[in-house]
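*Asks:* Sending over a structure as structure tokens; questions will come in a sec.
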Amino acid sequence: MTQSADIPSQSVLVHPAVDISVVNGANLGDSLSFAAELDPGDTYELRANARRHRLSFVIREDGSFAVAKESRLGFPGAALHLDCCLTMMSGMGQTTEILVLVEVGDDGNVNNVYALPLAQLTERTGYALVGIDHENARQKFAQVACVFFSRGTHITMASGAQIPIEDVNVGDLILTRDDGPQAVRWIGQSTMRAVGEFAPIRIKAGTLHNESDLLVNPDHRLFIYQRSDELGAGRHEVLVRARHLVNGDSVVREAGGFVDYFQILFDRHQIIFAEGIAAETLLVDTRTRAALPEELNEKLAQSLPGHENRRHLKFEVSESLLKHPDAASILKRASTR
């Protein structure tokens, strides 16, 4: 099995299934598995010192998923199936959702099972399996891949006015980096628990020449022009994910409570200006399309050919180039000299 070099990969932080096992119930001692092998009522625990690892994957032309060649887990090229979404409940009544991903080899046998928690799991805490959902798993998986701006984020309009994102309407003209003023096709809004993959990243004022704090989801990509190639990316224009800039000081993850998130969709994937920082808008692809409202899904999917060429993704830099104590400071310096 081969992977086309021009297909960009995506990634998620997962636990190998062996990290989570039944401590009470019908499948005592068994690891977490796919839905057909699970029994509601079983209680699971995360083993001590378990760590999540990054599973990278690509979306094939037919819309299916496969393990990427650079993935830290799995067999490159192996098929990856989204099996279900599990609802787990702790003894305190707190619910946590886990997406189950199954890796299948050429022979049709299961190579690996992975758990993608949508909230942080705690060691030595019992989680009872209370729900198995096949229908909404794809939507949940799509939401993890979407890019969100938080309530209060100021967006630069075509007129130059700075408008809070919650006041932007469909049809409004927003200034884009590549195509000038463009009309908003769709705006989505959701309130989520600020945990796990949905705990926002705060980029504090001044970090990247922004006048005010910018709050986005962890995988939101920011577009930065380097006057000097400080990262060694081989180009001046780079896309970096917010989570790669976390330094515990000027860029921090804010977990806890709830966050109001907004999505902006244009006819093409665009770079707009949020609190003065160039940032991407929603990219519709096989994975993220499931996050669109059902009544819009088919209509938008048929009329958004501008999303197919994924023109900005060639600028994305790998996590390895951002492994510095303070990558944000390096990028700020690189943008000014």
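*Asks:* When you check Val252 against the structure, is it in contact with a strand residue (DSSP E or B) (Cβ under 7 Å, 6 or more places away or on another chain), at negative phi and surrounded by 21 or more Cβ atoms within 10 Å (Cβ to Cβ), yes or no?
*Replies:* No; evaluated as a whole, the condition is false for this residue.
*Asks:* Let me ask something else. Check Leu292, Leu331, Leu313, Leu282 and return the single one that is of a type outside the set (Val, Ile, Thr), in contact with a strand residue (DSSP E or B) (Cβ under 9 Å, 6 or more places away or on another chain) and modelled with pLDDT under 75.
*Replies:* Leu313
*Asks:* Do we have any residue at all in the stretch 295-308 that's at pLDDT 75 or above and either assigned to a helix (DSSP H, G or I) or under 20 Å from Ile155 (Cβ atoms) (or both)?
*Replies:* No; the residues of the stretch 295-308 include none that is at pLDDT 75 or above and either assigned to a helix (DSSP H, G or I) or under 20 Å from Ile155 (Cβ atoms) (or both).
*Asks:* Within the stretch 156-175, restricting attention to residues that are over 15 Å from Gln263 (Cβ atoms) and touching a Phe, Trp or Tyr at 6+ places or on another chain (Cβ under 7 Å), which residue is least open to solvent (accessible area, probe 1.4 Å)?
*Replies:* So the residue we want is Thr156.
*Asks:* Which condition from (1) open to solvent by less than 40 Å² (accessible area, probe 1.4 Å); (2) within 24 Å of the chain's Cα centre (by Cα) is the one that Leu129 breaks?
*Replies:* So Leu129 meets the others, but not (2).
*Asks:* Right, something else. For Glu197, which of the numbered conditions (1) surrounded by fewer than 20 Cβ atoms within 10 Å (Cβ to Cβ); (2) in contact with a helix residue (DSSP H, G or I) (Cβ under 8 Å, 6 or more places away or on another chain); (3) not aliphatic (A, V, I, L, M) fails to hold?
*Replies:* Just one mismatch for Glu197, condition (1).
*Asks:* Kindly evaluate Glu211 against the criterion of being assigned to a helix (DSSP H, G or I) and not aliphatic (A, V, I, L, M).
*Replies:* So Glu211 fails the test.
*Asks:* Tally up the residues in the stretch 226-256 that are over 30 Å from Leu118 (Cβ atoms) and in contact (Cβ under 8 Å) with a residue 60 or more places away in the chain, please.
*Replies:* 10
*Asks:* For the stretch 79-87, does any single residue satisfy the condition of being charged (D, E, K, R), farther than 17 Å from Ala35 by Cβ and in a strand (DSSP E or B)?
*Replies:* No, that holds for no residue.
The values are calculated or read from the model by the stated rules, or taken from the named source; none is laboratory data. Bear in mind that the values here come from a model prediction, so they are computed numbers and not experimental data. We place every Cβ from the backbone using ideal geometry, glycine too, and count neighbours over all the protein chains shown. For the accessible areas, the whole protein counts, side chains as well, though only heavy atoms, and no ligand, DNA or RNA atoms are used. Shrake-Rupley method; radii C 1.70, N 1.55, O 1.52, S 1.80 Å.
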